[in-house]
Each structure stands twice: as structure tokens, then as C-alpha cells.
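The values are calculated or read from the model by the stated rules, or taken from the named source; none is laboratory data. Because the structure is a prediction, the values reported are computed rather than measured. Ideal geometry is used to build each Cβ from the backbone, glycine not excepted, and the neighbour counts take in all protein chains shown. Heavy atoms of the whole protein, side chains included, go into the accessibility calculation; ligands, DNA and RNA do not. Shrake-Rupley method; radii C 1.70, N 1.55, O 1.52, S 1.80 Å.
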Amino acid sequence: AGAIDGGEVSISSYILARLRGVPLIALPVFLSRRFRLRCMYCRAASPLRHPSELAGKKVTVHRYNATTPVWLKGILQNQFGVPPREIDWYVAEPDIAEESQRPPPADVRVSFVAPPRTREHAIELLEKGEIDAALEPYASPNMRYLMADYRSAEREFFKRTGAYTTNHLFAVREEIVKGKPEVVENLFTALKEANALTDRYRDDQQRREAAWEKEVMGEDFQYSLKTGCARRSLETLMEYQVQQGILDRKPKIDDLFAPETLGS
């Protein structure tokens, strides 16, 4: 509607919107990002110990086509050998916006959790043992990581794919880029400068996590499609979208971003 000039958007939804002709254009500014293999949870007393055990199990996700589930479904299939069709999926909410345009393939079983259909209730069902696992960015005190050594799995994922599991990016209305490209250039510069200052705002735990991620990737994550792992990360996410029937084909990454941001 054009009421807002720009802001943070889900990468999965943005790609679908862009392919549908929605007049948005992205900057390679990734505002939500972390390694996601740790976002596989089960109840504390569960006998489950590894993602490969999820075949035939009941698993909840907030929304089926949201970016975090796309990443984790892709990791389950490609790293642990469990494709989506081998799991009974339970969602708290229906897909929204662009994500709702592509329902799951016919051989994938997706049901709603019992009312109330909320993420919190889905977690309650997990805690009671009515659902086996959750692919979620948040946990409760009665949940534990599905993998005790999730860091080794995350390190292996990056070594194998070269991808970092980014979730959100920054997009603006396309008419701004066409009408005032210098605005986009200045905004991109300001956001990169802000990202370079993030360490001063981190607490000790966040600093340790950032240091570990830098060790795994060999460098700090960069707001760039020319250097660093952001381009490969997007390629991997889109490969998973194609596998999961969300995309028919992978678009060219450069077509998703403002031209003024591609050279740095």
C-alpha cells in the first residue's frame, strides 16, 4: 500500500513477493540471523537424541512456510535424511501473506494443533508428550535441545554448505530506489556502519556467541553479496524452497537486491 517506505521482512516471504511483482527491493542487510540447528527441541524427558529419529514423529512449527521452518526442514532433509513427507506436521497458525500462496505438497501431512491455535499451546502439547518435537526459535524450561552437541552439527552444516541461516532482511519500496538511488546508498552505508558497532551493545554471552560464529565462518558475517557467506546462504535457502515446493525455480540473487548495493 506504500504507507511504509521500508523495513524488516522475512526472507522467504520477500522472495515470493518479489517474484509475484510486489514493488519491493532488498538491501543485503540481514537483521535476523543465527545458526538454527539448535532450534530443534523436544521435551526434557523425551527419548529422542538426534534429528534422524524424527521420521514418523509429530513435529510442530509456528507456520509451515515461515523462514525458520524452511531452513530447518531443509536441514532435516539434506543433513539428516528426513524429508518433510516423513513427518506429521502440526502448525499453530496458517501461513500468511506470500507464504500462504504455496500450500504444502500433497504428500506432506500438515494439521493444526488443537485450539487454542497458538505457539504457546503447541509448546504445551510438546511438554505433555502429545507432540514429539518443535522446530522453534524459542524454548520453555521443560524443553531441551534435541541434539546435546548442536554446535558440532552447526559447524558441520557450515562446512558442508557454506551457508549461514539468515532469516530477515531489509527492503524498501522500489520507487525509492528508482527515484532517489542516493537515498538507498546512504541508507546501506549507515546500516553497515551500525552493524560494525554491534559488539559494544552485546552482553557477555552474546559476545561469546559472536566469537564462536566468527570461528566457524572464518570471519565476521558481512552485509555484502560480493564477499562473505550471504550469497551462498541465500542460494541454500532457495534450494530448500524449491525442494519444499515453495518456489518453482530459483531467481537470480542480483535481481532481488538494489543495484547500488551489489558492488560492496
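Projecting the Cα atoms of MET143, ALA196, PHE112 onto the dipole axis of segment 105-264, where Lys and Arg carry +1 and Asp and Glu carry -1 at the beta carbon, places ALA196 farthest toward the positive end. Rolling a 1.4 Å probe over the protein chains gives HIS50 an accessible area of about 70 Å². Using +1 at the C-beta of Lys and Arg and -1 at the C-beta of Asp and Glu, which of GLY263, SER233, GLN222 has the Cα lying farthest in the positive direction of the dipole of segment 199-264? The residue sitting most towards the positive pole is GLY263. Calculated on C-alpha atoms, the gyration radius of segment 162-264 divided by its Kirkwood radius gives an Rg/Rh of 1.00. Note on segment 168-264: with charges restricted to the Cβ of Lys and Arg (+1) and Asp and Glu (-1), its dipole about the Cα centre is near 120 debye.
Element breakdown for segment 1-144 at a 1.4 angstrom probe: carbon and sulfur atoms account for 51% of the accessible area.
Restricting the calculation to Cα atoms, segment 107-223 shows an Rg/Rh of 1.07 when the hydrodynamic-style radius is the Kirkwood one. Computed from Cα positions, the angle between helix 119-128 and the longest principal axis of the chain comes to roughly 30 degrees. Computed with every protein chain present, the accessible area of GLU156 is close to 80 Å² [probe 1.4 Å].
Shown in residue order for segment 49-54 are the 3J(HN,Hα) couplings computed by the Karplus curve 6.51 cos²θ - 1.76 cosθ + 1.60 at θ = phi - 60°: 9, 7, x, 5, 7, 7 Hz (x for Gly and Pro). The calculated FRET efficiency for LYS57 paired with GLU182, based on their beta-carbon distance and R0 = 41 Å, is about 0.20. Surface composition of segment 214-264: carbon plus sulfur atoms hold 45% of the accessible area, using a 1.4 angstrom probe and ignoring ligands, DNA and RNA. Shown in residue order for segment 185-191 are the 3J(HN,Hα) couplings computed by the Karplus curve 6.51 cos²θ - 1.76 cosθ + 1.60 at θ = phi - 60°: 4, 5, 5, 4, 4, 5, 5 Hz (x for Gly and Pro). In this structure LEU72 has an accessible area near 0 Å², from a 1.4 Å probe over the protein heavy atoms.
Residues in segment 67-77 carry Karplus couplings, in order, of 4, 4, x, 4, 4, 6, 5, x, 5, 4, 6 Hz; the curve used is 6.51 cos²θ - 1.76 cosθ + 1.60 with θ = phi - 60°, and Gly or Pro positions show x. Taking every C-alpha pair closer than 8 Å and separated by at least 6 residues, the mean separation divided by the residue count of segment 84-143 gives a relative contact order of 32 percent.
Per residue, the accessible area of segment 121-182 comes to 47 Å² when a 1.4 Å probe rolls over the protein heavy atoms. Between the labelled values (1) 0.97; (2) 0.95; (3) 1.11, the entry that holds Rg/Rh (Cα atoms, Kirkwood Rh) as derived from this structure is (1). Over all other residues within a Cβ to Cβ distance under 13 Å of VAL184, the charged ones net out to -2, with Lys and Arg as +1 and Asp and Glu as -1. Charged side chains reduced to their Cβ positions (Lys and Arg at +1, Asp and Glu at -1) give the chain a dipole of some 440 debye around its Cα centre.
Dividing the mean sequence gap of close Cα pairs (under 8 Å, 6+ apart) by how many residues the chain holds gives a relative contact order of 31 percent. Compute the acute angle (0 to 90°) between the alpha-carbon long axis of helix 230-243 and the principal axis of greatest extent of the alpha-carbon atoms of the chain; round to the nearest 10°. Tilt relative to the chain: about 50 degrees.
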